[in-house]
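The structure appears below as structure tokens.
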Amino acid sequence: MRILLTNDDGIYAPGLAALERHLQKLGEVHLVAPATEQSGVGHSITYLSPLVCKEIFDGTRFRGYAVEGSPADCVKLGISQLLPKPIDLVVSGINGGLNAGINVLYSGTVAAAIEGAFFQVTSVAVSLEYDPHADFDTAAQIATQLIAQILKQKSAGPELINLNIPTAALARCRQGQWPEVHIVPMGVERYGDHYIKRQDPKGRDYYWSTTDPPPRKTEHETDLTALAEGHVTITPLKFDLTKESLLKHMQSSWKFHLESEPPKSS
């Protein structure tokens with residue numbers, strides 16, 4: 001199996017290195033990652049400037065490609081240009097910080113997996129709750145085992161999966177217990193939209209984004225509630241944003257027409 005590995009924390013990120021080591025148990029790993037950190041860039045694509053790409057070596061060993069672009073750029077360029085043979089799996093991560101709830105929409109990590117799914121390749125985004133002393137190696141062990149099980153159990157077609165690991169799950173591992181794995185939907189509650197207003201030394205106002213308020217509790221389990229309870233979460237995603245129920249209703253009963261005459265060309 002040929003695996004394209006990328007991330008949004010940059011090619012030298014420790015989470016990427018840990019996942020690279022463990023994914024080699026599943027197949028041939030090809031690294032194409034951003035040259036610098038690209039957190040929060042979402043699904044941006046570089047159109048107005050050239051994509052500079054540099055080969056990266058670990059001593060004499062060719063490690064992969066560093067791309068001066070977004071995570072989605074890396075997958076797009078990797079599949080269509082850099083890697084001569086077809087890819088069987090795209091993995092993005094391990095991100096230093098969870099990508100759950102509405103953060104999925106902002107995440108460069110998830111965007112890279114979505115780009116892989118665009119190419120009809122099964123793609124998995126992997127994120128670990130932020131910890132300044134994060135145990136990426138244990139997280140990579142968990143992720144690799146779950147990715148192997150996803151590949152065995154998925155349908156014949158490509159799938160897009162978002163995998164999140166809380167630090168509490170790693171604490172259970174240190175106690176000799178594997179964490180629970182919950183298959184849950186994405187939470188869509190608003191959270192983390194408050195800012196702290198300050199002034200710089202020149203008297204100019206600036207705003208610092210915070211994680212407050214926290215997501216509110218919901219009656220049904222989501223990735224946010226499961227992670228808060230210390231469970232590893234798996235969420236299947238899709239990139240078709242069409243609202244099917246409204247589409248069918250509009251097609252059957254809505255009518256649109258323009259009443260005025262169309263403008264005449266000068």
Handout entry: Only listed residue being in contact with a Cys (Cβ under 9 Å, 6 or more places away or on another chain) and among the polar types (S, T, N, Q), chosen from T60, T46, T36, T6
Key = T6
Fill in the blank from the handout: Expected single match for closer than 19 Å to V41 by Cβ and hydrophobic (A, V, I, L, M, F, W, C) among A113, A148, A156 is A113
Fill in the blank from the handout: If we keep only residues of segment 118-139 that are assigned to a strand (DSSP E or B) and among the polar types (S, T, N, Q), then the residue nearest to D223 (Cα to Cα) is S127
Fill in the blank from the handout: Note on segment 94-109: residues of a type in the set (A, V, I, L, M) and under 17 Å from T46 (Cα atoms) are none
Completion exercise
Out of (1) modelled with pLDDT of 95 or more; (2) of a type in the set (A, V, I, L, M, F, W, C); (3) in a helix (DSSP H, G or I); (4) farther than 20 Å from P14 by Cα, the one A112 does not meet is (4)
Problem - Checking F239 against (1) within 30 Å of A143 (Cβ to Cβ); (2) among the aromatic types (F, W, Y); (3) outside any loop (DSSP other than H, G, I, E, B), the condition it does not meet - result: (3)
Completion exercise
Pairs returned, first residue in segment 25-39 that is farther than 14 Å from L77 by Cα, second residue that is assigned to a strand (DSSP E or B), beta-carbon separation under 7 angstrom, 6 or more apart or interchain, are L26/I3; G27/R2; G27/I3; E28/R2; E28/I3; V29/I3; V29/L5
Practice task
Please indicate, with yes or no, whether at least one residue in segment 229-240 is without any contact (Cβ under 8 Å) to a residue 12 or more places away in the chain and closer than 19 Å to S107 by Cα.
Solution key: yes
Completion exercise
Among strands (runs of 3 or more DSSP E) completely within segment 1-103, the ones holding 1 or more residues that are surrounded by 22 or more Cβ atoms within 10 Å (Cβ to Cβ) are 2-6, 28-34, 61-67, 89-96
Practice task
Being among the hydrophobic types (A, V, I, L, M, F, W, C), under 27 Å from K238 (Cβ atoms) and at pLDDT below 95 is the filter here, so list the residues in segment 180-221 that pass it.
Solution key: V188
Practice task
Being closer than 16 Å to Y130 by Cα, among the hydroxyl-bearing types (S, T, Y), within 26 Å of the chain's Cα centre (by Cα) and surrounded by 10 or more Cβ atoms within 10 Å (Cβ to Cβ) narrows it down to one of T218, T210, T222, so name that one.
Solution key: T210
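The values are calculated or read from the model by the stated rules, or taken from the named source; none is laboratory data. All figures in this text were calculated on a predicted structure; none of them were measured in a lab. Note: ideal-geometry Cβ built from the backbone for every residue, glycine included; neighbour counts use all protein chains shown.
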